[in-house]
Amino acid sequence: MKFFIDTADVDEIREWNSTGLIDGVTTNPSLILKSGRQIDEALAEICAIVDGPVSGEVTAIDTIGMISQGKTLAKIADNICIKLPLTMDGLKACKALSDEGFKTNVTLCFSANQALLAAKAGATYISPFIGRLDDINIDGMELIEEIRAIYDNYGFETQLLAASLRTANHVKDCAIAGADVATIPPSTLGKLVAHPLTDKGLAAFLADWEKTGQSIG
Ligand code: G3P
């Protein structure tokens with residue numbers, strides 16, 4: 001499963017990219033606002049740090065405007081992926097841009113039928129939002145499983161990019177369900193590493209090693 005980092009914070013991206021564990025970046029208008037940066041400057045800096053796909057989201061709501069903004073964003077760097085909302089205009093823009101060879105990420109997906117339409121529109125990625133479904137007591141992971149089954153039934157090439165991940169269990173469950181990508185906020189990424197038994201076991205190993213009086217190298 002590929003790990004994308006879900007932020008427009010360049011410092012966070014640079015730090016996590018240095019681990020070699022990050023395969024791409026996703027942003028959205030709220031994350032750009034949070035970054036305090038101009039979108040074109042932020043995306044250009046991010047694209048220079050991370051080799052993988054970097055999603056930048058259009059803000060137009062009409063097909064023509066989405067296509068125009070998408071092409072403007074795509075000029076920033078070769079690894080820009082154009083993010084489009086899952087509306088009828090977004091699907092039409094996705095079809096047009098995908099047919100022209102642009103990478104597209106259809107976002108704000110909350111149903112399997114929406115994901116089916118995005119695949120038929122040629123989306124490179126589909127972004128179902130797990131956490132926001134959980135927020136309204138609908139099982140977000142069920143949507144990931146439904147989309148996986150549908151895409152596998154018909155061999156759709158659209159990659160399932162699980163988004164709105166709030167917990168380490170979301171990441172694990174997405175991997176079990178077969179998501180192609182998980183886009184993970186830095187706060188959740190940090191939760192994946194730590195385990196108290198790892199810390200306890202390492203402390204015990206080091207204490208016992210100290211007693212041997214030995215050193216390596
Ligand atoms: O990539 C989508 C993600 O940023 C949304 O997360 O926590 O606002 O639902 P959240």
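The values are calculated or read from the model by the stated rules, or taken from the named source; none is laboratory data. Quick caveat, the model's predicted, so the values are computed rather than measured. Cβ placement follows ideal geometry from the backbone for every residue including glycine, while neighbour counts extend to all protein chains displayed.
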List the number of the failed condition for Asp199; all other conditions in (1) within 18 Å of the chain's Cα centre (by Cα); (2) without any contact (Cβ under 8 Å) to a residue 24 or more places away in the chain hold.
-> (1)
Cβ pairs under 6 Å, 6+ apart or interchain, first in segment 164-190 and on the phi > 0 side of the Ramachandran plot, second more than 9 Å from the ligand (Cβ to nearest atom) and of a type outside the set (Ser, Thr, Tyr), ordered by first then second residue, are Gly178/Arg148
Flag if Gly201 is within 16 Å of the ligand (Cβ to nearest atom), part of a helix (DSSP H, G or I) and out of contact with any helix residue (DSSP H, G or I) (no Cβ under 8 Å at 6 or more places or on another chain) | no
Filter result (in contact with a Leu (Cβ under 8 Å, 6 or more places away or on another chain), within 16 Å of Thr158 (Cα to Cα) and assigned to a helix (DSSP H, G or I)) within segment 116-144 | Leu117, Ala118, Leu143, Ile144
Leu189 versus (1) farther than 13 Å from Phe3 by Cα; (2) touching a helix residue (DSSP H, G or I) at 6+ places or on another chain (Cβ under 9 Å): which is the lone unmet condition?
-> (1)
For segment 1-26, which residues satisfy the criterion of being in contact with a Leu (Cβ under 7 Å, 6 or more places away or on another chain) and assigned to a loop (DSSP other than H, G, I, E, B)?
-> Thr7, Ala8
Those residues that are at pLDDT below 95 and surrounded by 12 or more Cβ atoms within 10 Å (Cβ to Cβ), I need them from segment 190-217; list them, please.
-> Gly190, Lys191
Test: Ala121 is farther than 20 Å from Gly52 by Cβ, small (Gly, Ala, Ser) and away from the ligand (no atom under 16 Å from the Cβ) = yes
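So that you can scan it fast, the table gives a plain yes or no per residue for (1) in contact (Cβ under 8 Å) with a residue 24 or more places away in the chain; (2) among the charged types (D, E, K, R):
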site: Ile82; (1), (2): yes, no
site: Asp89; (1), (2): yes, yes
site: Lys92; (1), (2): yes, yes
site: Glu100; (1), (2): no, yes
site: Asn105; (1), (2): yes, no
site: Ala123; (1), (2): yes, no
For residues in segment 145-189 being away from the ligand (no atom under 16 Å from the Cβ) and not in a helix (DSSP H, G or I), which is surrounded by the fewest Cβ atoms within 10 Å (Cβ to Cβ)?
-> Gly155
Positions within segment 94-147 being over 23 Å from Asp78 (Cα atoms), under 15 Å from the mean Cα position of the chain (by Cα) and small (Gly, Ala, Ser), in sequence order = Gly131
